[in-house]
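A short write-up of the structure that comes next.
The values are calculated or read from the model by the stated rules, or taken from the named source; none is laboratory data. Because the structure is predicted, anything quoted here is derived from the model rather than measured. No Cβ is skipped: glycine too gets one built from the backbone with ideal geometry, and neighbour counts run over all protein chains shown. These accessible areas exclude ligands, DNA and RNA; they are computed on the full protein's heavy atoms, side chains included. Shrake-Rupley method; radii C 1.70, N 1.55, O 1.52, S 1.80 Å.
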Amino acid sequence: MRTTTTLLAGLALAVLTTGLAVAASGSGDSLTVYTGGMALVRTQVDRVLEPGETTIRIDGMPASFDPTSLVVLNPEVELLGTHGLRSYQDGGSRGSSLALDLSVAATVRGLDIAYLTGGFDWSASYNLLIDPDDRSARLSGYVHVGNQSGADFDAAEFQLLAGQIRRAGGPAAVYDAMEMRTVARQVAAAPVPGVQNEGFAGYRLYTLANPLSLASGESRRVRLFAQSAIEVARELRLVSDVNTYDRQVDPEPRGVAVRYRVPRDGDTELANTALPAGQVQVMQPDPDGRAQLLGIAGISDSPAGQELVLHVGTAFDVVGEREQTAFTRVSRNVRTSAWRVEVRNLSL
């Protein structure tokens with residue numbers, strides 16, 4: 001069994017069976033943040049519990065935590081129930097507290113708990129700066145983590161889960177007790193430089209290498225991978241989504257899409273990093289060296305090695321036109337048609 005050393009910042013507990021209030025505080029919480037405004041918090045109440053039944057109260061919980069999701073992770077401790085949920089405002093900060101009725105089978109030094117809370121979110125973003133030659137570029141990636149939970153977290157371990165988890169019935173339905181114990185033990189791996197990412201249960205789990213302090217109402221931007229010098233390929237693409245069931249008389253102007261292909265092959269950090277979905281800000285210097293925005297492209301979750309295709313906009317000087325040159329109704333459900341497509345570069 002792994003013994004965690006995490007403790008919720010500002011956590012206070014009281015042994016209600018004796019009426020003695022014992023305060024404790026510290027740092028080192030561990031959180032997994034999901035897209036969609038939710039996080040799983042893992043923490044430890046720094047208290048020795050002797051065999052028997054007891055009740056403790058935990059203060060300093062996030063104001064938006066889900067009391068029905070609380071799970072005790074120690075195998076020696078059974079959660080009999082909870083009661084006395086209250087919300088409070090102390091010194092301008094919001095919080096909640098909850099009393100836990102416990103049955104302790106053997107002496108426990110530190111009560112490990114996990115619970116779900118709202119008020120957290122994360123997203124990925126990327127910056128692509130293309131050189132004037134349209135062949136080389138620099139790409140950087142970041143993750144943005146926000147805390148609106150009503151609680152402060154000091155020097156906490158943060159993990160980010162990419163992928164859509166099922167939330168039937170609300171946040172409390174995401175994990176059962178066994179699943180939450182499994183997630184809690186995933187944090188035992190030693191940190192590595194940068195942001196560690198690994199497959200987990202069909203999802204992708206990103207672990208920030210360094211602890212992060214994040215007060216309620218605060219957000220942080222953290223580098224996902226080192227800036228990479230890469231090759232890109234610029235393309236102009238005309239898509240002709242023809243309607244084969246109708247006769248069309250007049251020629252139709254068609255926009256020509258501008259896009260960039262970013263290969264991710266070879267043994268590089270960029271190639272080996274699974275990229276979470278996000279927006280890519282594509283920029284390029286003009287002839288006088290001023291950076292100009294070419295467009296903001298979206299990418300979906302991209303496994304390691306998968307090429308990126310960035311649609312940045314529609315060309316101005318390059319135009320397209322299509323014209324139907326033949327149309328035949330063969331039968332009630334069969335038609336044939338022929339088309340002429342013309343692309344012109346008006347800047348030449």
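Ranked by the mean number of other Cβ atoms within 10 Å per residue, highest first, peptides 75-82, 36-43, 317-324 order as 36-43, 317-324, 75-82. Surface composition of region 76-150: carbon and sulfur atoms hold 44% of the protein heavy-atom accessible area at a 1.4 Å probe.
Let's test the formula: R0 of 22 Å, r as the Cβ-Cβ distance of LEU129 and ALA233. What FRET efficiency results, to the nearest 0.05? Once the sixth-power term is evaluated, E becomes 0.90. Applying 0.36 nm per residue to the separation of ARG109 and GLU50 and subtracting their alpha-carbon distance, the gain on full extension is 20.4 nm. A 1.4 Å probe run over region 245-326, with the rest of the protein chains in place, finds 55 Å² accessible per residue. Quick one: with all protein chains in place, what share of the accessible area of region 232-348 is carbon or sulfur, to the nearest percent (1.4 Å probe)? Here it works out to 48 percent.
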